[in-house]
Amino acid sequence: MNNVQDSAAPEQPTNGVDSEVAEGFNATTPAEPSSTESKVDTLPAVEEQIRQLELKAAEHHDAWLRAKAETENVRRRSQDDVSKAAKFAIERFANELLVVKDGLEQTLSADNASLETLRDGVELTLRNLGKAFEKNGLQDINPIGEKFDPHKHQAISQIPSEQAANTVVQVFQKGYALEGRVLRPALVAVSSGQQAGSAA
């Protein structure tokens, strides 16, 4: 009787979960990603962006330096051109005057020259001087018969004349203008209108 009771003893409970099933569950459950691994993965991309930005900054700085150097070169060349223009502005006019000087020297060097020869030499020299003036934009102001212009003429007297009032009737000294700009006004006498003693 005792032997039957011993063989019929109840089995111990397994808490409702088989060990093999538990192991399978643990194997299939995904592991949560580590925050440290995620940060490490993004570091190379950030470093590459920084490197690219540094390269672009270096390129822009180099371009700025080149542009600054070119601007400085242009400024210096401009200053040199202005300086040369100021020094040699009358070079062409000076060359024209050399012909005039040569003519005067040749006229004065003639031995036993007659008055007529001297006069011809002076007239030739004067024509050469006039050509030099014309080539360099220097015009004379000889306003005989023109209406008085205070910008170009300087009246020093009035003369009774048949000409209309304020008409230039005599030029005492020619004026000169350079490219339209008056260098010296002409000294003139102007008409005062009706001649003295004439009927009104």
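A few points about this structure:
- Karplus-based coupling profile of the range 145-158, in residue order and whole Hz: x, 8, 6, 4, 10, x, 7, 10, 10, 10, 7, 10, 6, 10, with θ = phi - 60° in 6.51 cos²θ - 1.76 cosθ + 1.60 and x standing for Gly or Pro.
- For peptides 52-63, 136-147, sequence by mean Cβ density within 10 Å, most packed first: 136-147, 52-63
- Length gained when the stretch residue 84-residue 182 is fully extended (0.36 nm per residue, less Cα-Cα span): 32.7 nm
- Distant-in-sequence amide H partners of residue 173 (H built 1.01 Å from N, under 5 Å): 187
Values quoted throughout were computed directly from the atomic coordinates according to the rules given, and no laboratory measurement underlies them. Keep in mind it's a predicted model, so treat the numbers as computed, not measured. We place every Cβ from the backbone using ideal geometry, glycine too, and count neighbours over all the protein chains shown.
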